[in-house]
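Presented below is the structure to which this report refers.
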Amino acid sequence: MSSHAVLLPQRTPRSAFGKLVQNETRYAWRVPVGLLMGVAVPLLALVIMGVIPGANKPVKSLGGLTVFSTYFPVFIALALAMIALMTLPSHLADYRQQGILRRMSTTPVPPAWMLAAQVVINLALAVVALGILAVAGLAGFGLGAPRQPGGFALALVLSIAAMFAVGLWITAIARAPNVAFVIGSLFLYPMLFFAGLYFPLQEMPSVLRDIANWTPLGASVQALQDSMRGVFPSASLLLALAAWAVVFGVLAVRFFRWE
């Protein structure tokens, strides 16, 4: 039996990855930046929209949906963007700046494990955020269930994959938290514009709507809104989300460095 086999028995990879996730979860709990940015900010926006007079009345031009129901996918996009573009990259960039990743490079842990551990933790955070938004919308503001639940679920999964892929790419290239913040911000605010946070998608000029449909958050919001109305999302929207997920996921793994 080789010395490598002795030092790294068969069950080491699985147990080591679990330990890595466990340690990163403890850190996320002690420094709850993700909870504040990924949950508190979107929840506050949802509550503000919910208390606006007339926001919960059906609008014929919106297919019988309320303004609140139309904006609910935008709040989902906001939560995903905050977690994927701001919370996820800054944590590992801080590790890189402090030399923690460099020390980890001397262990058998491959780079993909660290990226996967961050995906697991932030995915759990995203599920919590979306669950809180859904409960608040249903219980507090009469949010209706999507009329096309299958399309809604598929669009949501692809939206998470696309945004996390972009966040992991920023994680891979940012050497310091301030660099991660700048890159994340350069993606965040234009994406939120095309998601309709500042100006409703339905009222944008056609050229801007076309551009929005090829951005991850714009395609996400449009696909989720279509599902809320009972229309299955178009293939172009779903393919756009899948393309962002695949391209930036590959780039994240390709360019990740410990230092």
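Here is how the numbers come out for the structure above:
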item	result
Heavy-atom SASA rank of GLU24, GLU203 (probe 1.4 Å, accessible area, largest first)	GLU203, GLU24
Span from the the stretch 169-233 Cα centroid across to the the stretch 125-161 one, whole angstrom	17
Amide hydrogen neighbours beyond the local backbone of LEU65, cut-off 5 Å, H modeled	VAL59
Nitroxide proxy distance, nm - points 7 Å out along Cα→Cβ at VAL127 and ILE173	3.1
Prolate/oblate/rounded label for the stretch 113-238 (Cα gyration tensor, a/c 1.5)	oblate
Qualifying chymotrypsin sites (Phe, Trp or Tyr not before Pro) in the stretch 131-209, DSSP loop, other Cβ atoms within 10 Å at most 16	TYR198
Alpha-carbon gyration tensor eigenvalues x 5, square-rooted, for the chain, Å	37, 18, 17
The chain: calculated mean residue ellipticity at 222 nm from DSSP helix runs of at least 4, using -39500 (n - 2.57)	-23000 deg cm²/dmol
Nearest-20 debye value, the chain charge dipole, Cβ charges on Lys, Arg, Asp, Glu	560
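The values are calculated or read from the model by the stated rules, or taken from the named source; none is laboratory data. Bear in mind that the values here come from a model prediction, so they are computed numbers and not experimental data. All Cβ positions, even for glycine, are placed from backbone atoms using ideal geometry, and neighbour counts span all protein chains on display. With ligands, DNA and RNA removed, areas are computed over all heavy atoms of the protein, side chains included. Shrake-Rupley method; radii C 1.70, N 1.55, O 1.52, S 1.80 Å.
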